[in-house]
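Notes follow once the structure below has been shown.
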Amino acid sequence: MKMIKKIYIVRVAILIILILSWFYYNYFFLSSNDLSSQNKSPLASEYLNMAPEVKFVGDEACSACHLEIFKSFKQTGMGMSFYKPSTGNVIENFKSNNRVYDKKSNFRYEMIQERGEFFQREYRLDDAGNQIHELKRKIEWIIGSGRQARTYMTKIGSLMYEMPVTWYSRKGKWDLSPGYHSRNQRFSRPIVAECMNCHNSYTDHVDNSENKFKNIPSGIGCERCHGPGELHVKSRFGWKINTTMSGVKDPTIVNPARLPLREQMDVCLQCHLLGEKAVFKEGMKSDSFRPGMRLTDLKSIYISDDISPNNFDIASHGERTSLSECYIKSNGALTCIVCHDPHKPVKSLGRAHFNNKCIQCHEIDNLSREPEGVEHQVDANCISCHMKQGDAADVLHVNFTDHWIRKRLSVDEPEKEEGRVITLKDFMEETDSSADIRLGIAYVKFFEEKHGEQEYLHRAVELLEEGLKSNREHIGGLYNLGKAYLSLKNPRKAVQALERAIMMNPVEIKTYFALGISYEKLGKKDKAKDVYLESLEIYSEDALVLTNLGNLEQGAGNSEAAIDYYNRAIKSEPSYPGSYVNLGRLYLVDYSNTARSKEYIQEALRLDPDYTPALSHLGSILVAEGDDEGAIKLFERILEINPNYISAYGNLASVYAKRGELAIAREYLLNLLKLAPINRNARKMLAKIELSIQKFN
Ligand code: HEC
Ligand code: HEC
Ligand code: HEC
Ligand code: HEC
Ligand code: HEC
Ligand code: HEC
Ligand code: HEC
């Protein structure tokens, strides 16, 4: 007996020595690297797995020892946030009420389950009920656990896109995806890295692409909150979970509960604080965060200065919590994990769990006895009166909890006008030397992605110019200044900023693309071509660059080269209708091949029956073929879709003038000139028409 025990003890001792020496070896090995250059957090030296070279190992590796937590976590929304559809996990109704009509865009959708696969079919009916358009796309991935909603993703070529219809579990119904009621983006909204990295474990996002991923995991995993597990798994190899070992800090893995309050909060805020816009710090990407870091090491988040007490947005937990007196007056002690155990589904906890958290800080005896006739009692449901539940402002049919804890949940608020100009505020209120630049970048992004009001660009330029004076090498600042100038129609200044950005960081295709456009706007086509060609060496599949190169080649009379580029653009982004229109235009103009041209245009219209450049081009073909009636219908259709489509007015004027209907032609030209007062062609044509009208009178 004794012998066995002795051997056992020796063995364990050797094992421990081995582990410790391995561990110290790693410790010194790691600390000899410059950890702090990647992770500015002072905690990087305490937590060995914050070092950039430590690898992620995946949840299965953790399950070997932490099985209970593993099983329970997989039942939570986060554990089930991203997955493939299968006949085993259907919660939707594919048999009845499986159609959605978007009145605004006049598209209809049908959700289909077919031989183990799932689809969304888009179609359109004419007045007589005949189907005049159809596009069917396969559901490839599901985003959202379905606690509230499931949104779908499709893959076209190698690119990922959101789909137009979402399943809203609470209401048990299909409806347009969040945001699609105001603008139906159909199958064209790219799933960008940011979106993926809030809803999943880290993906291999392909550099320089927008929505291409090499490898897509299934759901948010342990390591998003605990950091890479390689060291921990190796150092704990052979260990069993043993209560006597608990309570000791393990430097190979981050336990958020042991982090300082700010860092602890930031583990959750990396995903639970969407804000209006986020701007990554120089050199950081959406997958650069490691638990233990400060969120400010990764990104700045901008919120509106004009926060509504009554309405709250999705993924605003961080913002709303921080508005609560509980958070402010406790000096930030009210972190998420005071109330939440992220390994357990919220619904499994019950109300009492949360109410008990309130009375940890608020002794019942100290609360006012009868607020408005209600007693503050021990078993009172604190949440029902102090945390609002209901629809989020930006997503319908869901039931979220407003995390702004306050005395009264509804206050009188003036109705807000749509599209008002807001001021962006840095959530973290940083004042370092790049703060102006980041705010400037946030305004550029806000202008491009949310609200095309020029005021935002003017603010951006002012901030960026000022900030770049002292911080001349801020690449993101230069890039965004270039883009702002481009949008403000000042390509000369855009070129200056973008050239500098590329000089310092010649690896980002988007900078080349913007520079190429700027040169084109300056009329320097050769320069533009050089820039585009250079960029293809970094990333050869950028559809925008390929398209612009095609246009340049076509402009220079090199039809064959142009066709080649357009086809490459189609190959890398098969669902972009613009490439087909380009080919259609080329076959008409360069080869007078109307039939071929029409084929391409039809393909563009199959992808998007409302794609105005395609309609316009088809109209021109019809004019050439003498089908004036058909052409007029198309041009009028364009103006229904986009009343600012200037060339449609010009085309209508031409057709009517050709038919001798001068008064109508004149009307279209006047409309055109209202939109573009200095359009020379329109003025010339108007003068001629007015002369003819005078002659006839
Ligand atoms: C070989 C077994 C083993 C594996 C695999 C393992 N762990 Fe552990 N882990 C342990 C042991 C043992 C402890 C200490 C026991 C305790 O505290 O209950 C521990 C402790 C922890 C702690 C607490 C640390 C602290 O300082 O409080 C966290 C967090 C943790 N593990 C996360 C993970 C994650 C995430 C994975 C997967 C990447 C993982 N573990 C894989 C054995 C393992
Ligand atoms: C990688 C991004 C990410 C991180 C990090 C993250 N969350 Fe989440 N969290 C989400 C997403 C996305 C959802 C919604 C998932 C769903 O239901 O599809 C969610 C859902 C939740 C839920 C509801 C889950 C349920 O089943 O009821 C809670 C509670 C929660 N998070 C708390 C936290 C806390 C606390 C932290 C920090 C310790 C945290 N989250 C960190 C992204 C994240
Ligand atoms: C900053 C992180 C972040 C980004 C970026 C983000 N989301 Fe979310 N999203 C969340 C969080 C957190 C929730 C959970 C909200 C809750 O449960 O209260 C959520 C909820 C959702 C839900 C509802 C899921 C459910 O059942 O609760 C859908 C669907 C969704 N997001 C889709 C998207 C798509 C599509 C994108 C990108 C185009 C995106 N999100 C970008 C953080 C983010
Ligand atoms: C959304 C963030 C998040 C995710 C994802 C997550 N954890 Fe945790 N984990 C935490 C937090 C926060 C704590 C500290 C809880 C506390 O003490 O209040 C924790 C604590 C732990 C501990 C320490 C001991 C304990 O029982 O609390 C272990 C072990 C652990 N997690 C393992 C895992 C494993 C394994 C997974 C994946 C299956 C996982 N965690 C996923 C946030 C997360
Ligand atoms: C970490 C401690 C802590 C927790 C947990 C906590 N609070 Fe507080 N709360 C405070 C502090 C500190 C204040 C400010 C001083 C005060 O009024 O006691 C406060 C203030 C409040 C106020 C007054 C707000 C105002 O606008 O004046 C309400 C209402 C409130 N808490 C409700 C709750 C409810 C409900 C919960 C549970 C969901 C809760 N608190 C959980 C610390 C906490
Ligand atoms: C004072 C307690 C408290 C704190 C602190 C707190 N929550 Fe919650 N949280 C709640 C309650 C209560 C619910 C609603 C529970 C229910 O519906 O049963 C909730 C629900 C949620 C949900 C589920 C979706 C929803 O909106 O109902 C998510 C996600 C969530 N919290 C995330 C967070 C994050 C992230 C933080 C930190 C920024 C946080 N919570 C801080 C009390 C808290
Ligand atoms: C039926 C609604 C209701 C419930 C349930 C309720 N409260 Fe209140 N509470 C109020 C109202 C109303 C006020 C505002 C009183 C005033 O005007 O000063 C208030 C005020 C407070 C305040 C501010 C300080 C004070 O004493 O006025 C705190 C803190 C608070 N409540 C905490 C709690 C906690 C903790 C619970 C659960 C044990 C809870 N409340 C349950 C309605 C409620």
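The values are calculated or read from the model by the stated rules, or taken from the named source; none is laboratory data. Only a predicted model underlies this, so the values are computations on that prediction, with no experimental measurement involved. Cβ: placed from backbone, ideal geometry, glycine included. Neighbour counts: every protein chain shown. The protein model used for the area step is the full one, side chains on, heavy atoms only, and it has no ligands, DNA or RNA in it. Shrake-Rupley method; radii C 1.70, N 1.55, O 1.52, S 1.80 Å.
Numerical summary
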item: Residues within the stretch 346-360 that are surrounded by 11 or more Cβ atoms within 10 Å (Cβ to Cβ) and within 9 Å of ligand 6 (Cβ to nearest atom), tallied; result: 8
item: Members of the stretch 46-68 that are aliphatic (A, V, I, L, M) and within 16 Å of ligand 2 (Cβ to nearest atom); result: 50
item: Positions within the stretch 664-691 being part of a helix (DSSP H, G or I) and open to solvent by 70 Å² or more (accessible area, probe 1.4 Å), in sequence order; result: 666, 667, 674, 675, 680, 681, 683, 684, 688, 691
item: Every residue from the stretch 176-190 that is open to solvent by 20 Å² or more (accessible area, probe 1.4 Å) and closer than 16 Å to residue 99 by Cα; result: 181, 184, 186
item: Those residues of the stretch 329-375 which are of a type in the set (A, V, I, L, M, F, W, C), within 15 Å of ligand 4 (Cβ to nearest atom) and not in a helix (DSSP H, G or I), in sequence order; result: 333, 334, 349
item: Residue among 463, 522, 536 that alone is open to solvent by 10 Å² or more (accessible area, probe 1.4 Å) and more than 28 Å from the chain's Cα centre (by Cα); result: 522
item: Extreme residue, nearest to ligand 6 (Cβ to nearest atom), among residues of the stretch 376-390 that are under 22 Å from residue 170 (Cβ atoms) and in a loop (DSSP other than H, G, I, E, B); result: 387
item: Matching residues in the stretch 619-649 - criterion: being open to solvent by less than 20 Å² (accessible area, probe 1.4 Å) and under 37 Å from the mean Cα position of the chain (by Cα); result: 619, 635, 638, 648
item: Tabulated pairs, the stretch 539-551, first in contact (Cβ under 8 Å) with a residue 40 or more places away in the chain, second among the hydrophobic types (A, V, I, L, M, F, W, C), C-beta under 6 angstrom, 6+ apart or interchain; result: 539/509; 542/509
item: Number of positions in the stretch 318-339 that are open to solvent by less than 50 Å² (accessible area, probe 1.4 Å) and within 13 Å of ligand 2 (Cβ to nearest atom); result: 7
item: Some residue of the stretch 643-660 being touching an Asp or Glu at 6+ places or on another chain (Cβ under 9 Å) and at pLDDT below 95; result: yes
item: Test for residue 614: is it of a type in the set (A, V, I, L, M, F, W, C) and in contact (Cβ under 8 Å) with a residue 12 or more places away in the chain; result: yes
item: Exclusive hit being within 30 Å of residue 480 (Cβ to Cβ) and touching a Lys or Arg at 6+ places or on another chain (Cβ under 8 Å), set 304, 316; result: 304
item: Filtered residues of the stretch 508-545 (kept if of a type in the set (Asp, Glu) and part of a helix (DSSP H, G or I)); result: 520, 526, 530, 534, 537
item: Hits in the stretch 458-477 - residues which are more than 17 Å from residue 495 (Cβ to Cβ) and part of a helix (DSSP H, G or I); result: 458, 459, 460, 462, 463, 466, 467, 469, 470, 476
item: All positions within the stretch 300-324 that are within 16 Å of ligand 6 (Cβ to nearest atom) and among the charged types (D, E, K, R); result: 313, 319, 320
item: Filter result for residue 257 (within 14 Å of ligand 1 (Cβ to nearest atom) and either surrounded by fewer than 20 Cβ atoms within 10 Å (Cβ to Cβ) or at pLDDT below 95 (or both)); result: yes
item: Restricting the stretch 279-306 to residues that are touching a strand residue (DSSP E or B) at 6+ places or on another chain (Cβ under 6 Å) and not in a loop (DSSP other than H, G, I, E, B), the residue that is most open to solvent (accessible area, probe 1.4 Å); result: 280
item: Filtered residues of the stretch 220-236 (kept if small (Gly, Ala, Ser) and at pLDDT below 95); result: 235
item: Candidates 411, 421, 444 - the one that is among the hydrophobic types (A, V, I, L, M, F, W, C) and modelled with pLDDT of 95 or more; result: 444
item: Qualifying residue in the stretch 213-235 (condition: free of Cβ contacts under 8 Å to residues at least 40 places away in the same chain and either open to solvent by 60 Å² or more (accessible area, probe 1.4 Å) or more than 24 Å from residue 301 (Cα to Cα) (or both)); result: yes
item: Qualifying residue in the stretch 363-382 (condition: open to solvent by less than 70 Å² (accessible area, probe 1.4 Å), more than 16 Å from ligand 1 (Cβ to nearest atom) and of a type in the set (Lys, Arg)); result: no
item: Hits in the stretch 297-348 (condition: modelled with pLDDT under 95, hydroxyl-bearing (Ser, Thr, Tyr) and more than 16 Å from ligand 7 (Cβ to nearest atom)); result: 304, 308, 316, 322, 348
item: Strands (runs of 3 or more DSSP E) enclosed by the stretch 53-172 - at least 1 residues per element that are open to solvent by 60 Å² or more (accessible area, probe 1.4 Å); result: 99-102, 107-114, 117-125, 131-138, 149-156
